[in-house]
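Accompanying notes for the structure given below.
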């Protein structure tokens, strides 16, 4: 079946052998020599604002995209972009958040003094088609086609090497772009990007049961005890919740249980081992436990957050998949166990059948055709349970930040791994690094918001 799929996808150029002869698209007829003038020559691209920042100029842009790339003359939407322009002779980092528009800077840009083009994912506000929202066009292939059109529109301005990148769902987006348009960029750096199989992938349960091995055994036990504690104190927790904020998920009782079930996942995704000492004990009073659980997990269950992440939940239910969580140790305390499934999180009135072939196709492409892929993971990050394998891909690598979480970076790798990664990137980009490391983005938790 996979071979048949590949035959159907000849137009997608999924075999990298063709990239040797790949010719970048020509630009428009344009007499402008400055960057703003060149941007204005691009059909469908609009400069919304610009500001100078030292040696860089940052442009807020919108780009008109087809809602359905198979019907290019049909409905369109405007996709937000941010361009951090340094010099058109430098490499370009094509950066995806997988969600709304990410910040303009990036570790790779700092390490290699590169330009950065940041892309908002389709269907995240305001890059949304007109209502009623045509959910059927929110697919990984349509998103990859968005990226391809951006490449075709901008490559003539930036003829040097391009890398595409992203963290979390943005890292997934970068890989998907390569699967459908492998020749657009010289390489991909996907940070903390999972490849999930099914809507209840049990690899996550196995990972969390042993994360940190003996070193974090007490931490895991404390989190499990806290899960029971918050459910045993159900009434005290519910009395502190504003019921009107949890209607989207089915009420505060459902929200409380889902937050309890996800507590270890969210803890290890965003915290470091040093935070284990701050987990409330069974002797803590109700308010201390509520405040802790609310800051970590419960705040993610409110209507506004679920509305914002609605496109993600649709994609998870349709193609991306979702983790399973352990329930056995709290099963006797659950009243809404049957609600812990991806359908609970879909927008009201929206239903979709999961396509198990979507991620299997991505896996097979990485193994059989993948080239110049780099994956960065955190040792304790639960999403590492679903890490890509780079073993069969050509000129591809996977690195893990020791003790790292969902904020893992190249700069935080062990010295040998970091040097190997930077040397590889120098080769892919055909340019030398200008720094050995870059500070971790203080906003990384916002940008790396992949949901359990």
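Per-structure values
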{"read-out": "Chain lengthening between residue 379 and residue 427 when straightened (0.36 nm per residue, less Cα-Cα)", "value": "14.6 nm"}
{"read-out": "Whole-number percent relative contact order across the stretch 246-310, with pairs defined as alpha carbons under 8 Å at least 6 apart", "value": "54"}
{"read-out": "Share antiparallel - DSSP beta bridges, the chain, percent rounded to 5", "value": "45"}
{"read-out": "Tilt relative to the chain, helix 357-369 - C-alpha long axis, 0 to 90 degrees, to 10", "value": "50"}
{"read-out": "The stretch 165-244 - Rg over Rh from alpha carbon coordinates, Kirkwood radius", "value": "1.19"}
{"read-out": "Residue 341 versus residue 367: modelled label distance in nm, points set 7 Å from Cα along the beta carbon direction", "value": "2.9"}
{"read-out": "Residue 240/residue 334 FRET efficiency (R0 25 Å; Cβ-Cβ; nearest 0.05)", "value": "0.80"}
{"read-out": "Ellipticity estimate at 222 nm from DSSP helix runs (n ≥ 4, -39,500 (n - 2.57)) divided over the chain, nearest 500", "value": "-9500 deg cm²/dmol"}
{"read-out": "Debye-sum result for the stretch 63-116 in log10 I(q)/I(0), which assumes one identical scatterer on each alpha carbon, at q = 0.20, 0.30, 0.31, 0.32 Å⁻¹", "value": "-0.77, -1.12, -1.16, -1.21"}
{"read-out": "Segment residue 46-residue 206, extension gain: residue separation times 0.36 nm, minus the distance between their alpha carbons", "value": "52.8 nm"}
{"read-out": "Per-pair calculated FRET efficiency, R0 = 25 Å: residue 31 and residue 87 via Cβ, rounded to 0.05", "value": "0.80"}
{"read-out": "Spin-label proximity, residue 232 to the stretch 257-283 - amide N less than 18 Å from point 7 Å beyond Cα toward beta carbon", "value": "257, 260-261, 263-264, 279-283"}
{"read-out": "Diffusion constant of the stretch 272-412 at 10 °C, which comes from Stokes-Einstein with the Kirkwood Cα-pair radius and 1.306 mPa s, µm²/s", "value": "86"}
{"read-out": "Per-residue Cβ neighbour rank within 10 angstrom, fewest leading, 173, 409", "value": "409, 173"}
{"read-out": "Over the stretch 276-334: Rg over Rh, Cα atoms, Kirkwood Rh", "value": "1.07"}
{"read-out": "For the stretch 61-213: rounded, prolate or oblate by the Cα gyration tensor [a/c cutoff 1.5]", "value": "oblate"}
{"read-out": "Contact order normalised by residue count of the stretch 175-294, Cα under 8 Å, 6+ apart, percent", "value": "26"}
{"read-out": "Sequence of 372, 80 once ranked by neighbouring C-beta atoms within 10 Å, starting from the fewest", "value": "80, 372"}
{"read-out": "Quotient of C-alpha Rg and 2.2 N^0.38 Å, computed over the stretch 203-345", "value": "1.02"}
{"read-out": "Ranking of 128, 434, 196 by count of other Cβ atoms within 10 Å, fewest first", "value": "434, 128, 196"}
{"read-out": "Cα gyration tensor of the chain - equivalent ellipsoid semi-axes, whole Å, descending", "value": "38, 24, 22"}
{"read-out": "Compactness relative to 2.2 N^0.38 Å, alpha carbon Rg of the stretch 342-402", "value": "1.47"}
{"read-out": "Rg(Cα) / (2.2 N^0.38 Å) computed for the stretch 394-452, rounded to two decimals", "value": "1.25"}
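Laboratory data are not the source of any read-out in this text; all were calculated from the coordinates shown. Computed from a predicted structure; not experimentally measured. So basically every Cβ, Gly included, is an ideal-geometry build from the backbone, and we count neighbours across all protein chains shown.
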